[in-house]
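Structure, as C-alpha cells:
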There are 2 protein chains.
Amino acid sequence: MFVLITYDVNTETEAGKKRLRKVAKACQDYGQRVQNSVFECVIDPTRFRFLRARLEKLIDKEKDSLRFYFLGDEWKNRIEHIGAKPSLDITGTLIT
Amino acid sequence: MFVLITYDVNTETEAGKKRLRKVAKACQDYGQRVQNSVFECVIDPTRFRFLRARLEKLIDKEKDSLRFYFLGDEWKNRIEHIGAKPSLDITGTLIT
C-alpha cells in the first residue's frame, strides 16, 4: 500500500525538537522523504500499523499533528511534482 | 476534485521568506490549511489549473518544492488524522 505521511510537530520547546527528530527518524525507517515534513511510504499493512503505533506514541497529541493519506493502487497517477527535487531517491519509485 | 498540496520553500533568504508567505496566501485562497505547509483543496479542475499556474510562478524552482496529490472521489476514506487539530475548519469537509 502507498501511504503519504505529513506531520507538524510543535518545536517551541527542547522536548518538541526531540519529538520532531524522533518522528522524522521513524518515518525515514519506512519511507522516502519528499519534503521536510512529508514522507511517502510503500509499505505493507502490517508494517504500516506498526509505524502508525510508533508515531502515535512519539507525538504529543495536544501539540502535534499527524496525517495519513492512503492513495491506493493508482498512486503513481495521483502525484505531481513541481520544482526542486528531493535530495535522495532510495526506492526509485518516487514521482518527480 | 480533491487536491492535497504540500510545499517546501527555502527560507534562508528574505526573498525565500517572501515566497513562502505568497505560496501560503495562494493556497489559503483555495483550500483548507491542515498543517503548516499542507493544504487540502476541494476545487474544480479549472480553478485548480489556475492555482497551479499561480504557485508555479511564485516558487523558485531551483530551491522550492511543490507536490500535488489527487485523492479522487473517495478522498474522505483516504485520510486519517492523529493529534492536534487544525485551528480552523471553514468548509466542514475536513477529516479530523
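Just so it is clear, none of the values below were taken in a lab; they were calculated from the coordinates. What you see is a predicted model, and the numbers here were worked out from it, not measured in a lab. Backbone-built Cβ (ideal geometry, glycine too); neighbour counts: all protein chains shown.
In chain A, the longest principal axis of the Cα atoms and the axis of helix A:14-30 are about 30 degrees apart. Over the residues of the protein assembly as shown, the helix contribution to mean residue ellipticity at 222 nm works out to -10500 deg cm²/dmol, using -39500 (n - 2.57) for each DSSP H run of at least 4. Coordinate range of the alpha-carbon atoms in the protein assembly as shown per principal axis, descending: 40, 37, 37 Å. Here segment A:1-43 yields Rg over Rh of 1.02, to two decimals, using C-alpha coordinates and the Kirkwood radius. Classification of segment A:2-72 by its C-alpha gyration tensor yields a prolate form. The axis ratio a/c (a ≥ b ≥ c) is 1.5 or more, and a/b outweighs b/c.
Beyond 32 Å in Cα-Cα separation lie the following of the pairs B:Lys22/B:Lys85; A:Lys57/B:Lys63; A:Lys57/B:Lys57: A:Lys57/B:Lys63; A:Lys57/B:Lys57. Loop-located GluC sites (Glu not before Pro) in segment A:1-80 (DSSP state other than H, G, I, E, B) with a sparse environment of at most 11 neighbouring Cβ atoms within 10 Å: A:Glu12, A:Glu62, A:Glu74. Model label sites at B:Asn36 and A:Lys57, defined 7 Å from Cα along the beta-carbon direction, differ in position by 2.6 nm.
Take every Cα pair under 8 Å in chain B that's 6+ residues apart, average their separations, divide by the length, and report that relative contact order as a whole percent. Normalised by residue count, the contact order of chain B is 39 percent.
Place a label point 7 angstrom from the Cα of B:Ala15 along the Cα-to-Cβ direction, then list the residues of segment B:38-70 whose backbone nitrogen is under 20 Å away. Within reach of a label on B:Ala15: B:54-66.
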